[in-house]
Amino acid sequence: MEEIKVSPDYNWFRSTVPLKRIIVDDDDSKVWSLYDAGPKSIRCPIIFLPPVSGTAEVFFQQVLALTGWGYRVISLQYPVYWDLLEFCDGFRKLLDHLQLDKVHLCGASLGGFLAQKFAECTYKSPRVHSLILCNSFSDTSIFNQTWAANSFWLMPAFMLKKIVLGNFAKGPVDPKMADAIDFMVDRLESLNQSDLASRLTLNCQNSYVEPHKIKDVVVTIIDVFDHSALSLEAKEEMYKLYPNARRAHLKTGGNFPYLCRSAEVNLYIQIHLRQFHGTRYAAINPSMVSAEELEVQKTQLTED
């Protein structure tokens, strides 16, 4: 139990990357928590957005691996927002505060949906250069919970946790996946009633992504072939929405592949980000990119 929590990697992450708290709204209770690691000179970093049950820590393996390769990585946890426009407005203010003009977003489940909505919301003055969507969705109606979205704020925390846990894998899974589930249950326990109620509200209030507004955004879709909270229909819908997206499939990984299949996920993220090397949207320190790779990149760009 709790193998990840006591692992050397997780302890190294907690002891070396400081957690920052930032308030950008007039309401002082709205606090963004984030880990910002890697070279601060990079102006177009990759930002990770967690699922309903997650905190900024759930992407610690991505933070460690990617910063080791020279990338600037931000993993964050959003404050309590009750509607999508409010979230998008808060996130835009956070990017302004961090002096980031454009970013790459990687979101898991609800985090992926919020990333798409933010790209859509800012399409007239684009803030999102690319998207990596892991086990994500484009239409909240797939959860058949839109009728309940307005009542989550009334429910006690234990009921909200029960709703979230209902989507976790049941039955036998391999040890790494079991560790990932244990870690996510622990993270879920750390969230209070309003955190959970607001996230479930965002997850379930009637909304969908308008693809024509983000057709110029480069997209990679990461999903798993084994059991996850997402139905096959939801995955198919994502493929239809982004016909030109790169698809990165994992044979197994369940709901949390970034924890239990981190090496594969990190590789897919690196492949996605590599196409921006040598441009002003590179998320990596240029000194970490070989001259040959930059040459290949330039050739590809001129061919495009």
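The values are calculated or read from the model by the stated rules, or taken from the named source; none is laboratory data. Not measured: the values here are computed from a predicted model. Cβ: placed from backbone, ideal geometry, glycine included. Neighbour counts: every protein chain shown. We work out accessible area using only protein heavy atoms, side chains counted, and drop any ligands, DNA or RNA first. Shrake-Rupley method; radii C 1.70, N 1.55, O 1.52, S 1.80 Å.
Below are the figures for this structure:
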read-out: Inter-centroid distance (Cα atoms) of the stretch 132-171 relative to the stretch 60-80, Å; value: 25
read-out: Cα-Cα over 27 Å, subset of LYS30/LYS235; LYS20/LYS93; LYS124/LYS240; LYS161/LYS240; LYS170/LYS213; LYS40/LYS176; value: LYS30/LYS235; LYS161/LYS240; LYS170/LYS213; LYS40/LYS176
read-out: Kirkwood hydrodynamic radius over Cα pairs of the stretch 53-108, then Stokes diffusion coefficient at 20 °C and 1.002 mPa s, in µm²/s; value: 168
read-out: J(HN,Hα) series, the stretch 222-230, from Karplus relation 6.51 cos²θ - 1.76 cosθ + 1.60, nearest Hz, glycine and proline x; value: 10, 9, 10, 8, 8, 6, 9, 5, 8
read-out: For the stretch 1-154, the Rg and Dmax computed from alpha carbons only, in angstrom; value: 15.8, 48
read-out: Mean accessible surface per residue for the chain, computed with a 1.4 Å probe while every protein chain stays in place, in Å²; value: 45
read-out: Most to least packed among 249-255, 19-25 [average Cβ atoms within 10 Å]; value: 249-255, 19-25
read-out: Globularity index of the chain, i.e. its alpha-carbon radius of gyration over 2.2 N^0.38 Å; value: 0.95
read-out: Residues of the stretch 52-68 with amide N under 18 Å of the 7 Å Cα→Cβ point at ASN192; value: 53-56
read-out: Net charge over other residues, Cβ less than 15 angstrom from the Cβ of ASP89 (K, R count +1; D, E count -1); value: -1
read-out: With every protein chain in place, the chain: carbon and sulfur % of accessible area (1.4 Å); value: 54
read-out: For the stretch 140-207, projected area of the alpha-carbon convex hull averaged over all directions, nm²; value: 4.9
read-out: Stretch gain in nm, segment ARG247-MET159, where the contour uses 0.36 nm per residue and the Cα spacing is subtracted; value: 28.1 nm
read-out: Between 0 and 90°, nearest 10: helix 291-303 axis offset from the chain longest Cα axis; value: 80
read-out: Farthest positive-ward along the stretch 1-119 dipole, Cα basis, beta-carbon charges - from LEU66, PHE48, LEU85; value: LEU66
